[in-house]
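To keep things clear, I will list the structure first and then write my remarks on it.
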Amino acid sequence: MSRQLLLSTALTALLLGGCAVQPVPLGASRDDVMAHYGTPSRVVALPSGSRLQYSRQPAGQQAIMVDLDAAGRVVAVRQVLNPADFARVVPDQWTRGDIEREFGRPASIDHVATWSGDIMTYRWQDSTGFDMFFWVYLDAGNVVRRTGQGMEIRNRMRRWG
């Protein structure tokens, strides 16, 4: 791949990624949020108000959280499937409830022979446009024991001709 094509592809991915989340302004009403994003995938109570979750899992790679204060006004809008937010997870302290509150529903809940609990899988895209996974390993009591990240390698058939 030529350098120019690579740069063009990266720039396009960056621009498209930037367009994917067009946040509502701070101070907007709950009705404004609903008009902009539609019905949330989940509403979560917070100590200071509520959170409207707009998860694009399982096929999408974003989870937008809109935090409202007690009066129903927007105080924060953010796309949380990113390395900085993943770094906030504290193994042995966070629970399944904490993960679902902060990241929304996972793309899937998986199991492997070498782990006895659930593995929550989130799909996301890094800043360079690579498709990624973020895994959260839970024990039988739904406590986070570890997390991990890896590239999502899609099975693509090539046609030669």
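A few notes on this one:
- Binning the alpha carbon pair distances of region 51-95 at 10 angstrom intervals from zero yields the distribution 25, 42, 31, 2, expressed in whole percent.
- Computed P(r) (all Cα pairs; region 68-136; 10 Å bins; percent): 17, 45, 29, 8, 1
- From least to most packed, judged by other beta carbons within 10 angstrom and beginning with the fewest, 26, 46 follow the order 26, 46.
- Under the simplified labelling scheme, the residue 108-residue 93 pair shows an inter-label distance of 3.1 nm, with each label point 7 Å from Cα along Cα→Cβ.
- Per-pair calculated FRET efficiency, R0 = 30 Å: residue 36 and residue 140 via Cβ, rounded to 0.05: 0.15
- Normalised per residue, the volume of the convex hull around the Cα set of region 23-150 (Å³): 108 Å³
- Residue-wise HN-Hα coupling along region 83-95, computed from phi with Karplus coefficients 6.51, -1.76, 1.60 (Hz; x: Gly, Pro): x, 5, 6, 4, 5, 6, 5, 10, x, 6, 10, 6, 10
- Value of relative contact order over region 55-161, rounded to a whole percent, pairs C-alpha under 8 Å and six or more apart: 23 percent
Readers should treat all values here as calculations from the given coordinates under stated rules, not as data from a laboratory. Since the model is a prediction, treat every value here as computed from it, not as a measurement. All Cβ positions, even for glycine, are placed from backbone atoms using ideal geometry, and neighbour counts span all protein chains on display.
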